[in-house]
1. Could you compute Rg(Cα) / (2.2 N^0.38 Å) for chain D, with N its residue count?
2. With +1 on each Lys and Arg Cβ and -1 on each Asp and Glu Cβ, and nothing else charged, work out how big the dipole of the protein assembly as shown is about its Cα centre, in Debye to the nearest 20.
3. Highest GNM mean-square fluctuation, chain D, Cα pairs closer than 10 Å: which of D:Glu260, D:Glu281, D:Glu315?
4. Between E:Val102 and A:Asn150, with labels modelled 7 Å along Cα→Cβ, what's the label distance in nm to one decimal, could you check?
5. Cut-off is 10 Å between beta-carbons; in what order do D:Asp258, C:Asp68 appear when sorted fewest neighbours first?
6. Average partner chain C-beta neighbours within 10 Å, per residue of A:139-147?
7. Using a 10 Å cut-off around each Cβ of peptide D:64-76, what is the average number of partner chain Cβ atoms that fall inside?
8. Just for region A:2-172, what percent of DSSP beta bridges are antiparallel, to the closest 5?
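Just so it is clear, none of the values below were taken in a lab; they were calculated from the coordinates. Nothing here was measured: the structure is a model prediction, and the numbers come from that model. Neighbour counts are summed over all protein chains in view; Cβ atoms, including those assigned to glycine, are modelled from backbone coordinates with ideal geometry.
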Amino acid sequence: MDLIKKIPAYVERIPNGGILMTGLDWVLNNAKASSMWYMLFGLACCAIELMATGASRYDFDRLGMIFRATPRQTDLMIVAGTLTLKMAPRVKLLYEQMPDPKYVIAMGGCTMHGGPFYHDSYSVLKGVDKIIPVDIHVAGCPPRPEALMNGCIALQDLIRGEKVGRKRDRPGLRHIDPATNLPLLVRPDTGLIRPNQIIMPDQLRVLS
Amino acid sequence: MTESVFFYLLSGLVLSSAWSVVRNENLFHAGLSLILCFVGVAGIYMNLDAPFLGAMQVLIYAGAIAVLLLFGFMLTHDLMKARHERNQHLAGILIPVLMALLLVGTILNAQWHASSGQPVNFGVASLARRYMQQDLVAFEMVALLLLASLMGAVVIARKEEGSRE
Amino acid sequence: MTPQEFAKHLGANYPDHQFEIDPLNENCVLIPLQLVPQCFELLRDDDATQMDYFDFSTCVDHPPDRLDLVYSMYSTVYKHRIQLKVVLDRQNPCVPTVSHLWVNANWNEREMYDLFGVFFPGHKDLRRLMMPDDWEGHPLRKDYAHPNLVVRPD
Amino acid sequence: MLIRTWWCALTSPSDDGGALRTEEFELNMGPQHPSTHGVLRMVLKMDGERVVDCDPVVGYLHRSIEKMAENRTFTQVIPVTDRLDYCTSMTSNYVYVLAVEKLADLTPPPRAEYIRVIMTELNRIASHLLWYGTFCLEIGATTPFLYSFRDREKVLDLFESACGARLLYNYIRIGGVGQDINQKFLDRMIEFLDYWEPIIPEYEALLDENPIFYNRTVGVGTVPLEMCRSYGVSGPNVRAAGVAEDVRRDDPFAVYKDLEFEIPTEKESDVFARYRVRMRELRESAKILRQCYEKIPSGPYGLPLNYRFKVPEGETYVHIESPRGDIGCFLASSGGDKPWRCKFRTPSFVHIQLFKKLLEGVLIPDIMAICASFDIVLPETDR
Amino acid sequence: MDLVTAYTGQDVALVLIMLLMLALILGFIAGSSLILIWAERKVAARIQNRVGPMMTGPRKFAEFSMWTGGLLQTAADAIKLLVKELIIPSKTDAIPFIAAPVLIVTVCVTAYIVIPFGPAFSVSDLNIGVVHVVAISSLTVLSIVMAGWSSNSKYSLLGGLRSAAQMLSYEIPLIFALLGPILLAGGLSMQKMVLAQREYGCWFLLPSLLGFLIYYVASIAEVNRPPFDIPEAESELVAGYVSEYSGMMFAMFFLAEFANMFLVCSVAATVFLGGWLVPFMPVPDNPTPVYILLGILTFFLKTSFLVFIMMWIRWTFPRVRPDHLMNLGWKYLFPLSLLNLLICAGIAVLKDVYKLNGWGISLASLGALAMVMLLLQVVRIPRPDTFLEKA
């Protein structure tokens, strides 16, 4: 794979290689953007709104998004609902089973920072981006179908802006914490909780 | 000239897949190469422009019998994992040598009369007419045999069904 | 049957124990700990009560020493409902199981074992229901603390 | 030597009398599963296509709602009960509010009672439509899902005009309701009912005459009546067993006393009977809504209560009829402004325990049909 | 042909022509699948009264009508799948894992050789036409079993076994249903089949209507399309044997499914609906270019009509349980196809020996069939409400 990564650099040096690359970018990005196959990861209330978005009135199919059951054939994971600590290892496992150009939409307040379950709840993981890198957060509890469609369109614009061969920068950066060599998994801006404060079920430690 | 090229190609394919059927560790791969062998034989039939026979070979052997064989491999208990010991080396060498001698002997002293030049019009119609007129008895016997085997299969399946409930 | 009749009915069957109405809940009868399986069996099988529908069983935690265990049953024949309360000691609460009488008591008791730490001898497979299996502590107790639990400032 | 190997190959004594010995294997119908009723994991021991033993594992959506209820004032708990059962959040609001009112013996004004009944019945219609869609998805027919969601969107528009939210309403408050509903809302409701009632036969036409459908549902997953009793099954699932049991009839709360509607029941208590009961319940709810439209009085829609009012010490248990069964709330208060203990008795928690015994000897496609026919929802189970 | 032989020897030309034909078929399959997949999503959307893909493709068509939005949607899917990462799970056994999609596409391509698109317009008119298609398409079972076994997961193994059993048990009614028209046409080759329908006077649909119905149902099962799509039943087996495939390998399976559907419908159109016979036009002996074009057009119209019905069936029926499927296949379709064979044999004898006109006989047989259906009405399959009162 890494040979392919070097090609864009060489092509740029050819006289009008740049135009060729942007043309290639345009075609690939538009193809990827307009045919995102999503894997419904319905946990709670947001799953019902996701189904309502997939139904007749607001239709995902108009954006070219079909529902695929297996993680192997999907390239967008919509985490819809509250993520509990017992469920966290499974989400991570599924994320890793997806083929590479993969994106994550975190739908609903619970996936951003625990939402209504931030206080007084011992079993809810405060934010999905603690275990998987998230591209688009859709606010709302549950977010309206229009908000979710808006999130998908925002993701499409994000994809159209990509460059072939460039490393994608993802929000929720992951540094390795030297003490526990566990990925720090903490958003620099919130910085609310350090990993050793959260007692993760140990399968999660094995996996991450 | 292309017929002979194709012929050598196909017979090479058939021989190699037959060899892999015998020598292969993984039984599933052995089953697959068996199917490849059947398809190779069908190719040889087609090459000798007997297309109906080739199609039948693909349909019956490669399509049905071999797949049922694969079913058998997959469904039976840990057939895949067990390492089969191979200590019949003596038998392994003796029998192929005997077979080879037998075959070469018959090939050498058979009188190959050259084909009479004009193409034999061997079509499906003549085949069917032969079934229905000259050797009708053999045809009916084969039908009876198949019926018996079918009933045997049903009885075995039925017994197994009965035992579980 | 009103709760008072229930108390009289139970008192008649077990003379040496007294059953009175719970001051907090007028539809609830307090029963002593050692009577639990027989008393429930009586209520279920006795044709005067026939409590064949088991609603739920849960705990109410009173921190210093008391842990109340509340059962609720309903009779689809006579259409009356009753709650029964058993007072347990908080350090090692232990109550014989009723899961052999009503099947849906099984998961209720597993949940109480998981969230309150109440032990049910005689229960077939007592393991955690809600929390991951390697979770320490019993979350629904009042004095429970956990790093993932951010208490809401009042 | 050659003959020996040949002979023993032929006559190898297989241990159980020559029957084809199939090995049991464990199938993990994991928490992430395309069937849409949430994160239920079933560990199935299979023998070929048949299930030998099934062990449902829950807890993947345990959001500790009861722990949160203990640290919030009585009015702040209401949005938490919304998330308890998000398909019918009106009913979970209602059962909690009824428990608080019984403890604090407040009686809401009659108009509030009628608004509450209207909202719960509309929510029942929306929940049954959701159930119908996902049930057909399990059986393999994808189109009914789209039709039922198209009509559910119209019900959600009604909710949006009344309480501003589509799914989690926080509308039924202690002592009354959040906002008043005006005549325009009632007219739109009747307009929806007129549009929607002739469409219900259309749903049934898609499936009833279809031999594939009733081959897959008639006689599948039959639950005998005494099994219902010992497992505590309630709601449409027990009405499909032939017993006309409904909390709105047996111990009526709010205004159900002076509304007349009948309880649909079937006899076989299999997947098809449960489907028929829910379809006929849709029509009953529409009838109730029409009666409420005529009988709703005018007047105040709630009691003026201050934000942190105190509830006298005491415990109580109240239960009402939710679309899935009989949902109850056991509330204990210690005289403060926060509930001391709040336990919800939810129907799905009870119905999932049925699967352990019901799914023995069942084929894989029937597992999905049976689970979907019980209309279980996981947040209720895990609370 | 003669241009090529001028430069090279006779045999090398043969090989070159063969390669050219192969490229032609591949191009045709790719093109037709693109349109078919887009059409399927649009038809499905229309049935479920929602809007299918709208965002891709030329915008001015999208305003024109809902039906023509999102034309390039399948192209976008294909390019995206090309760019996807190919995951070969570690414990899978690689050779059959990779061979399965390759085999299923090659089978599909070889089966297209005999399809008569126009009067003299088929790749190579083998004289074992119909049997060739059936024989080659029996190899798809093999590729599905390979895919199921090699992806080493319980779900795909179950899916693979189920679909192999289904396809094996539906091949037999398929072949027997085709025997009827073969008997009437007196030959196996597809072009001969079409010409036989011309002399016979009417399409073979009329004399062997039962055969057509059985063939159509069996072909839906053969192509694993709902209501017989148990192998990749979404709700149970999580996409069955395809669940471990990602990227381009999955695209091959996806492409092969639609190419097979088109293949099966084109065989049905040729054998039962008179492939390129323009309904009311007398057929000139030496085919003029105009007639060839017209023939190709009618062929495509007939096939796409059958494909549309398959799509329509897909979105209206629930899924059949495997044992009902086997039950239907063996206990109903197979005996009925034998009955159809009997009827066709009777018609053939009447036509050859007594020289009766084709139309008359087929109408008589249809009358007989209608009589049988009336008889069946008396023994009605139990309707739900009657069922309940009885129980």
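1. Against the empirical 2.2 N^0.38 Å value, I get 1.15 for chain D.
2. The dipole of the protein assembly as shown has a size of about 2540 debye.
3. For chain D, modelled as a Gaussian network with Cα springs under 10 Å, the answer is D:Glu260.
4. So the label points at E:Val102 and A:Asn150 sit 5.1 nm apart.
5. D:Asp258, C:Asp68
6. Shielding by partners across A:139-147 averages 2.
7. Across the residues of D:64-76, the mean count of other-chain Cβ atoms within 10 Å is 4.
8. Values: 1 of 15 bridges.
Approximately 5 percent, going by the DSSP bridge assignments.
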